[in-house]
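Colleague: Input: one structure, supplied below.
The values are calculated or read from the model by the stated rules, or taken from the named source; none is laboratory data. The model shown is predicted, which means the values in this text are computed figures rather than measured ones. Backbone-built Cβ (ideal geometry, glycine too); neighbour counts: all protein chains shown. Side chains included, ligands, DNA and RNA excluded: accessible areas come from the protein's heavy atoms. Shrake-Rupley method; radii C 1.70, N 1.55, O 1.52, S 1.80 Å.
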Amino acid sequence: MPGGYAGKFLEVDLTSRNVRDIKFSDEVLRQYLGGRGLATKVLWDRLGARWEEVDPLGPENILLMFTGPLTGYAPGARLCVSGKSPQSNGIVGSTIAGEFPVELKCAGYDGIIFTGKAENPVYLSVFDSDVEIKDASHIWGKDAKETLKVLVKEGREALAKSRPRRGVWKEPAAVYIGPAGERLVRVAAVVGKWAHAAGYGGYGAVMGSKNLKAVIAKGTGPLPEAADMEKAVEAAEAISRINLRYTHLRHWGTGYLGYDVGARLSAEPVKNWQEEWHDEKSYSADKFEPFWAKRFWGDFGCPVTCLKLAVIRSGPFKGAITDNPDYENQAYLGTNLGVFTAEGNIYLTALIDDLGLCGIQCGNVLGFAAELYEKGILTREDLGGIDLKWGDVEAFASLVRMIVERREIGDVLAEGTYRAALKISEMKSVDALKYAVVAKGIGIGAHGIRSGEDYPHHETYVCSVQGGDHTSPAYIPLDDDLSELTVALYDSGVVCWFNFFEEGTKDHIWGLIKAVTGWEITPEEWYGTSARRIIHTQRVALLLGGPDIRWDPKTHDDIPSKWYKPLKAGPYAGKAVDRKIIEEAKREYYEAIGWDENGVPKSEELRRLGLEEVDKKAEALRG
Amino acid sequence: MWHEGKIWPEASRVRVFMLVPGVEVPHLCVQCHDYPCVKACPSEALSISPETEAVIVDREKCTACGLCIEACPGDVPYIHPAEKYAVICDLCGGDPQCVKACSEGGWDALKLLKKSENYTYKVYAKTPEEITREVAVQLYGEVGEEVV
Ligand code: SF4
Ligand code: SF4
Ligand code: SF4
């Protein structure tokens, strides 16, 4: 068996409460590694034939939580969560950092496949090979802090009972959902450690639809052995050493960008992307720093420690705790709502953490609602009496609660920006879509393209198989460090991208793969075949879509219409995106990656990669 | 890990507890001056290293009875996850690997010092729950009480 793998996966049928071990062949593992790659393979094999009919929030969807061979070996461990996405109706590989994937591997499992739907709220407990589906009715409805507290307590009690006199038990690791996921809010995340989230894709809602509140894991074994331990440690240390030389993320996390991306790059969402520039000194990193109770907070084996623990100890927002907030939350729950104070941003971020929402998707829909209010499309009455003015932290907090409770307009907004826009267009006989900043049903990450100064390219959100996901950018050249094909490697590894940002780190990943698994996977193999299998399958699934929404590349391989309008202020005022350039970038990308002029993966390309079944379904898309 | 030659969190002589997010608590033997664990062992499995003064576990003699855990004011020892003996930090024979890793990682949270006769190290032997509570209150203020 290849190194780095525990060698088996858990399959849990929540309907029948049946639990069994399953295996994948070495060949499949070599082709897809784990995480996003393997998830794509499993989803396609099981649901591909009737993809369009599968309701992402129905019991027929499957939910995957996969590690990869590098998880625990590479610095910075992550878990990949996937399934048919209730946001894009395609496949999203959504990752969350933390100790959970390491515990799972030490327990002897490379991942978990959930099928069906539990009759009542449950959580899964994995203690080495003892796997139990447990009642979760007492934590259903509870927020992150209460949920985790109960899970840690119950987990440790169960451990102490099963192995008495062993000494004090370290806590099991956990991933869970908040009330948002329980209520099938499509902008709900799978959450861990209070402030960590797998947000993109909306898998919190998928967990909710399965009545699955949480998963806890404790593994008492060692991490599955590497093929060559010495070399694996060498490669991991080489990556760590490079990361240690770069102190930016370590010192500030991504939290210095809340000011920077706006002021310097003009690429930050301001008031639902009406602007991308601001020069609010009240929002610079040093204004957040005084709230940090802890500067270095890292996940398993991580030298980067991008997390900073923010705590508000006095004033109206007293008691709010979150990490950083990181840049995406600073932008989407800050500047995008006209909020330019550290306290306000920390408070809103802590709130969405507690309720189990994705900061990006939730901030996207909040900004969207606020612009509709500003334009008079949504009235105060529509908003249940809330005067949703830019910068009003309490007003936005109230709307967040309405969304989670699915009260009044909250029920519409809980569907995410794209679906809400369709509904509001109908309700109000307007074109609300022109205020929506989304790609394929997924709110776009907080990095704009109008100024041309930030990293995304013209093709980035137009062609990404994960829609607006800024951590999966379509990019030319295809083997660029920022390309979706590169990220698919990290998401299949499964490792934290932040450990591979600095120059030179990525060069070590091939050696690390070889040392851990024993496989010599070359960049040529990855970019020429493996990554393409993943991306093409994701693309076909995305275009098949359904059952409620489908994407036509002619219409939907595009940027939000707003971005064709010029920036209004700042050093890049007047800059807009040229439609011709988007069309060109799109064509060039299709060509480079092997899609036809309609954006459908070509038959010969799919067959070259052995994806005959995908090709059969793609035929219908070629029309 | 130096002792095991593997990555094995549950067999580490320095276990890092995270009973509450953000409150990571490294837990290990502090070398009490009166070594209650050694006294409590009915099998003569524990001794004190003449060179480092660390507690040495004789794996052959240890019966995994757990009495040393009860005797330790910090509940520090625990039974190895795969074998039947107590795990206690032995200072890696005088060259602690955790200190090296910490300084290579640029954290410098650990530093090797000579043991002083003037300190009562035993006061640092606390349970993970006790330390978590103290740190959580320091970090989170009143909320710290609620989340523990
Ligand atoms: S870089 Fe940040 S998110 Fe990634 S593993 Fe390290 S601390 Fe966690
Ligand atoms: S567990 Fe081992 S070392 Fe501890 S008291 Fe029992 S025999 Fe002695
Ligand atoms: S801390 Fe515990 S294990 Fe260490 S010497 Fe004291 S009693 Fe023994």
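Colleague: B:Lys39: which lysines have alpha carbons under 16 Å from its alpha carbon, excluding same-chain residues fewer than 8 sequence positions away?
Modeller: Here the lysines satisfying the reach criterion relative to B:Lys39 are B:Lys61, B:Lys122.
Colleague: Average partner chain C-beta neighbours within 10 Å, per residue of B:136-147? Don't skip to the answer; put the middle values down first.
Modeller: Values: counts 0, 0, 1, 6, 6, 8, 3, 8, 3, 0, 4, 6.
Per residue, the average neighbour count from other chains is 4.
Colleague: What share of all Cα pairs of segment A:236-326, in percent, falls into each consecutive 10 Å distance bin?
Modeller: 17, 37, 33, 12, 1
Colleague: Give B:Lys6/B:Lys126; A:Lys294/B:Lys115; A:Lys134/A:Lys218; A:Lys554/A:Lys602; A:Lys231/A:Lys506 a once-over and call out the pairs whose C-alpha atoms are over 21 Å from each other. Show your work: numbers first, answer last.
Modeller: Working: B:Lys6/B:Lys126 28 Å; A:Lys294/B:Lys115 29 Å; A:Lys134/A:Lys218 15 Å; A:Lys554/A:Lys602 16 Å; A:Lys231/A:Lys506 16 Å.
Pairs exceeding the cut-off: B:Lys6/B:Lys126; A:Lys294/B:Lys115.
Colleague: For segment A:246-443, with every protein chain kept in place, what is the accessible area per residue (1.4 Å probe, Å²)?
Modeller: On a per-residue basis, 32 Å².
Colleague: Okay, moving on. Compute the accessible area per residue over segment A:517-623, keeping the other protein chains in place, probe 1.4 Å, unit Å². Walk me through the intermediate numbers first.
Modeller: Details: 4870 Å² over 107 residues.
That works out to 46 Å² per residue.
Colleague: Distance between Cα centroids, segment A:109-172 to segment A:369-442: provide it in whole Å.
Modeller: 36 Å
Colleague: Give me the compactness ratio for segment B:77-135, meaning the Cα radius of gyration over 2.2 N^0.38 Å.
Modeller: 1.39
Colleague: Using just the C-alpha positions of segment A:136-224 as equal point scatterers, what log10 of I(q)/I(0) does the Debye formula give at each q in 0.14, 0.15, 0.23 1/Å?
Modeller: Log10 of I(q)/I(0), two decimals: -0.52, -0.58, -1.05.
Colleague: Could I ask something else about it? So if R0 is 51 Å, what FRET efficiency would B:Met1 and A:Arg407 give, r being the distance between their Cβ atoms, rounded to the nearest 0.05?
Modeller: Working from the Cβ atoms, E equals 0.50.
Colleague: Using amide H atoms built 1.01 Å from N in the peptide plane, name the residues 5+ places from A:Lys84, or on other chains, whose amide H lies under 5 Å from its own.
Modeller: Long-range HN contacts for A:Lys84: A:Ile62.
Colleague: Okay, moving on. In whole Å, what are the Cα extents of segment A:243-288 along the three principal axes, biggest one first?
Modeller: 38, 19, 15
Colleague: In Å, what is the Rg of the alpha-carbon atoms in segment A:1-79, and how long is Dmax?
Modeller: Reported Rg and Dmax, both Å: 13.9, 40.
Colleague: Moving to a separate point now. Hey, could you get me the Stokes-Einstein D for segment A:441-538, Kirkwood radius over alpha-carbon pairs, 10 °C and 1.306 mPa s, rounded to whole µm² s⁻¹?
Modeller: 112 µm²/s
Colleague: Got the relative contact order for segment A:178-236 handy, in percent, Cα pairs under 8 Å and 6 or more residues apart?
Modeller: RCO, segment A:178-236: 29 percent.
Colleague: Also, quick follow-up: Helix B:128-140 against the longest principal axis of chain B: what's the angle in degrees, Cα atoms only, rounded to the nearest 10?
Modeller: Roughly 20 degrees between the two axes.
Colleague: Going by average Cβ neighbours within 10 Å, how do the peptides B:40-49, A:40-49, A:413-422, A:71-80 rank, with the highest at the top? Walk me through the intermediate numbers first.
Modeller: Working: B:40-49: 15.7, A:40-49: 19.3, A:413-422: 25.2, A:71-80: 29.4.
Result, highest mean first: A:71-80, A:413-422, A:40-49, B:40-49.
Colleague: Calculate one ³J(HN,Hα) per residue across segment A:172-181 by plugging θ = phi - 60° into the Karplus curve 6.51 cos²θ - 1.76 cosθ + 1.60, and present them in order as whole Hz with x for glycine and proline.
Modeller: Once rounded to whole Hz, the list reads x, 8, 9, 10, 7, 10, x, x, 4, x.
Colleague: Let me know the Rg and Dmax you get for segment A:138-182 when you use only its Cα atoms, in Å.
Modeller: Gyration radius and largest Cα-Cα distance of segment A:138-182: 12.3, 40 Å.
Colleague: Okay, next question. Which parts of segment B:101-123, residue by residue, lose 40 Å² or more of accessible area when the rest of the protein chains are there, as against the chain isolated (1.4 Å probe)?
Modeller: Residues passing the criterion (a loss of at least 40 Å², heavy atoms only) are B:Trp107.
Colleague: Could you work out how far the C-alpha centroid of segment A:254-294 sits from that of segment A:484-531, in angstrom?
Modeller: That distance is 32 Å.
Colleague: Starting from a Cα-only point model with no solvent, please compute log10 I(q)/I(0) by Debye for chain B at q = 0.11, 0.12, 0.13, 0.17 1/Å.
Modeller: The computed values of log10 I(q)/I(0) come out as -0.46, -0.55, -0.64, -1.08.
Colleague: Suppose we compare each residue of segment A:165-200 in its chain alone and in the full protein complex with a 1.4 Å probe; which ones drop by at least 10 Å² of accessible area?
Modeller: Output list: A:Arg165, A:Arg166, A:Gly167, A:Val168, A:Lys170, A:Glu171, A:Lys193, A:Trp194.
Colleague: Under 28 Å Cα-Cα from A:Lys287, which lysines qualify once same-chain neighbours fewer than 8 residues away are excluded?
Modeller: A:Lys287 reaches A:Lys145, A:Lys193, A:Lys271, A:Lys308, A:Lys318, A:Lys389, A:Lys568.
Colleague: Express in Å², to the nearest 10, the accessible area of A:Tyr564 obtained by rolling a 1.4 Å probe over the protein heavy atoms while all chains stay in place.
Modeller: Using a 1.4 Å probe on the heavy atoms, I get roughly 40 Å².
Colleague: Continuing with the same structure: When only Cα pairs under 8 Å and 6 or more residues apart are kept, what is the percent relative contact order across segment A:496-623?
Modeller: RCO, segment A:496-623: 19 percent.
Colleague: Give the separation of the Cα centroids, segment A:305-329 to segment A:28-64, in Å.
Modeller: When both Cα centres are located, 36 Å separates them.
Colleague: Let me ask something else. With just the Cα atoms of segment A:49-175, tell me how far they stretch along each of the three principal axes, in Å, largest first.
Modeller: Projected onto its principal axes, the Cα set of segment A:49-175 covers 53, 37, 26 Å.
Colleague: If we restrict to alpha carbons, what Rg and Dmax does segment B:58-98 come to, in Å?
Modeller: So, for segment B:58-98, Rg and Dmax equal 11.1, 29 Å respectively.
Colleague: Please average, across the residues of A:543-555, the number of beta carbons from any other chain that are within 10 Å of each residue's own beta carbon, and give a whole number.
Modeller: That works out to 0 on average.
Colleague: Taking the simple approach of a point 7 Å from Cα along Cα-to-Cβ for both A:Asp135 and A:Glu525, what is their distance in nm?
Modeller: Distance between label points: 5.1 nm.
Colleague: Modelling each spin label as a point 7 Å along the Cα-to-Cβ direction, I'd like the A:Lys231/A:Arg587 distance in nm, to one decimal.
Modeller: So the two model labels end up 4.6 nm from each other.
Colleague: Mind checking the mean number of beta-carbon atoms from other chains within 10 Å of the Cβ atoms in B:62-72?
Modeller: 2
Colleague: Quick check: at a probe of 1.4 Å, how many percent of the accessible area of segment A:133-204 sits on carbon and sulfur atoms?
Modeller: For segment A:133-204, the apolar C and S fraction of the accessible surface comes to 53 percent.
Colleague: Let me ask something else about it. Any idea what % of Cα-Cα pairs in segment A:246-443 are farther than 23 Å?
Modeller: For segment A:246-443, the fraction of Cα-Cα distances above 23 Å is 41 percent.
Colleague: Based solely on its DSSP helices, what 222 nm [θ] is calculated for chain A when runs of n ≥ 4 H residues each add -39,500 (n - 2.57) and the sum is averaged over all residues, nearest 500 deg cm²/dmol?
Modeller: Taken over chain A, the calculation gives -10500 deg cm²/dmol.
Colleague: For the B and A pair, go ahead and give the buried accessible area with a 1.4 Å probe, both sides summed, in Å² to 100. Don't skip to the answer; put the middle values down first.
Modeller: Working: alone 9490 and 21850 Å², together 27980 Å².
Chains B and A together bury roughly 3400 Å² of accessible area.
Colleague: Please compute the Cα-Cα pair-distance distribution of segment A:118-276 with 5 Å bins starting at 0, giving whole percents from short to long.
Modeller: All Cα pairs, binned at 5 Å, distribute as 2, 8, 12, 12, 12, 13, 14, 12, 9, 4, 1, 0, 0 percent.
Colleague: Given the options B:Val38, B:Val137, B:Val23, state which has the largest fluctuation in a GNM of chain B using a 10 Å cut-off (strictly under) for Cα springs.
Modeller: Comparing B:Val38, B:Val137, B:Val23 in a Gaussian network model of chain B, the most mobile one is B:Val137.
Colleague: Using only Cα positions of segment A:303-350, each an equal point scatterer, no hydration layer, compute I(q)/I(0) via Debye at q = 0.19, 0.20, 0.33 Å⁻¹ and quote the log10 values to two decimals.
Modeller: Relative scattering, expressed as log10 I(q)/I(0), comes to -0.54, -0.59, -1.20.
Colleague: Compute and list, largest first, the equivalent-ellipsoid semi-axes of chain A from the alpha carbon gyration tensor, each √(5λ) rounded to a whole angstrom.
Modeller: Ellipsoid semi-axes (Å, largest first): 33, 29, 25.
Colleague: I'd like the carbon and sulfur percentage of the solvent accessible area for segment A:301-451, probe radius 1.4 Å, heavy atoms only, ligands and nucleic acids excluded.
Modeller: Values: 2040 of 4160 Å².
Here carbon and sulfur together make up 49 percent of the probe-accessible area.
Colleague: To two decimal places, what compactness ratio does segment A:67-109 give when its Cα radius of gyration is scaled by 2.2 N^0.38 Å?
Modeller: So segment A:67-109 has a normalised radius of gyration of 1.29.
Colleague: A further question follows. Which one, B:Cys72, B:Cys37, B:Cys92, has the greatest fluctuation when you compute a Gaussian network model over chain B with C-alpha springs under 10 angstrom?
Modeller: Comparing B:Cys72, B:Cys37, B:Cys92 in a Gaussian network model of chain B, the most mobile one is B:Cys92.
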